[in-house]
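The values are calculated or read from the model by the stated rules, or taken from the named source; none is laboratory data. These figures come from a predicted structure and were not determined experimentally. Every residue, glycine as well, gets a Cβ built from its backbone with ideal geometry; the counts of neighbours run over all protein chains shown. Only protein heavy atoms, including side chains, enter the accessible area calculation; ligands, DNA and RNA are left aside. Shrake-Rupley method; radii C 1.70, N 1.55, O 1.52, S 1.80 Å.
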Amino acid sequence: QVQLVESGGGLVQAGGSLRLSCAASERTFRDRAMGWFRQAPGKEREFVASISWSGGNTYYVDSVKGRFTISRDNDKNTVYLQMNSLKPEDTAVYYCAASRRLDGVAVQSGYDYWGQGTQVTVSS
């Protein structure tokens with residue numbers, strides 16, 4: 001069982017930045033692809049970004065390309081999401097997820113463990 005704990009959410013003005021962190025509870029973290037998803041009020045949860053076990057492959061939803069960067073530190077069992085040039089439409093609860101796969105996928109069914117989520121609110 002992998003436990004994931006997100007942190008770093010908060011309130012920021014449009015154009016600002018936040019860095020989310022997700023700490024995993026076990027060493028198998030380094031053998032797993034990781035992903036970030038988000039869910040806005042009244043909307044379905046959507047894929048944001050993923051990163052392969054080694055960090056060599058990353059994928060992003062089109063709406064965040066060029067603004068968000070996913071990265072990982074396998075020595076710290078932590079994955080990050082650096083969010084720049086934030087927009088009000090980025091407001092959502094952001095969830096970290098861990099996969100049994102080595103490479104990330106853009107669908108929820110590709111992930112086996114989920115964090116509790118962290119709120120990101122972007123004011124206009």
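Entry remark, segment 13-34: residues being assigned to a strand (DSSP E or B) and either more than 18 Å from Gln119 (Cβ to Cβ) or open to solvent by 20 Å² or more (accessible area, probe 1.4 Å) (or both) number 7 in total. Taken over segment 93-112, the criterion of being open to solvent by 20 Å² or more (accessible area, probe 1.4 Å) and of a type in the set (A, V, I, L, M) is satisfied by Val93, Leu102, Val105, Ala106, Val107. Consider segment 75-113 and keep the residues that are more than 11 Å from Trp36 (Cα to Cα) and among the hydrophobic types (A, V, I, L, M, F, W, C). The one that is nearest to the chain's Cα centre (by Cα) is Met83. Scanning segment 64-74 for residues that are over 12 Å from the mean Cα position of the chain (by Cα) and open to solvent by 60 Å² or more (accessible area, probe 1.4 Å) yields Lys65, Gly66.
A quick yes/no check of all residues on (1) open to solvent by 50 Å² or more (accessible area, probe 1.4 Å); (2) at pLDDT 95 or above; (3) in contact with a strand residue (DSSP E or B) (Cβ under 7 Å, 6 or more places away or on another chain):
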site: Glu46; (1), (2), (3): yes, yes, yes
site: Thr58; (1), (2), (3): yes, yes, yes
site: Asp62; (1), (2), (3): yes, yes, no
site: Ser85; (1), (2), (3): yes, yes, no
site: Thr91; (1), (2), (3): no, yes, yes
site: Trp114; (1), (2), (3): yes, yes, yes
site: Gly117; (1), (2), (3): no, yes, yes
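Let's see how each residue does on (1) on the phi > 0 side of the Ramachandran plot; (2) not in a loop (DSSP other than H, G, I, E, B):
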residue	(1), (2)
Lys76	no, no
Val79	no, yes
Ser85	yes, no
Val93	no, yes
Leu102	no, no
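If only residues of segment 35-44 that are open to solvent by 70 Å² or more (accessible area, probe 1.4 Å) and not acidic (Asp, Glu) are counted, the one that is farthest from the chain's Cα centre (by Cα) is Gly42.
If the condition is being open to solvent by 50 Å² or more (accessible area, probe 1.4 Å), modelled with pLDDT of 95 or more and of a type outside the set (Ser, Thr, Tyr), then segment 1-12 contributes Val5, Leu11.
With respect to the conditions (1) out of contact with any Gly (no Cβ under 9 Å at 6 or more places or on another chain); (2) closer than 20 Å to Gln119 by Cβ; (3) open to solvent by less than 60 Å² (accessible area, probe 1.4 Å), Asn77 lacks only one, and its number is (2).
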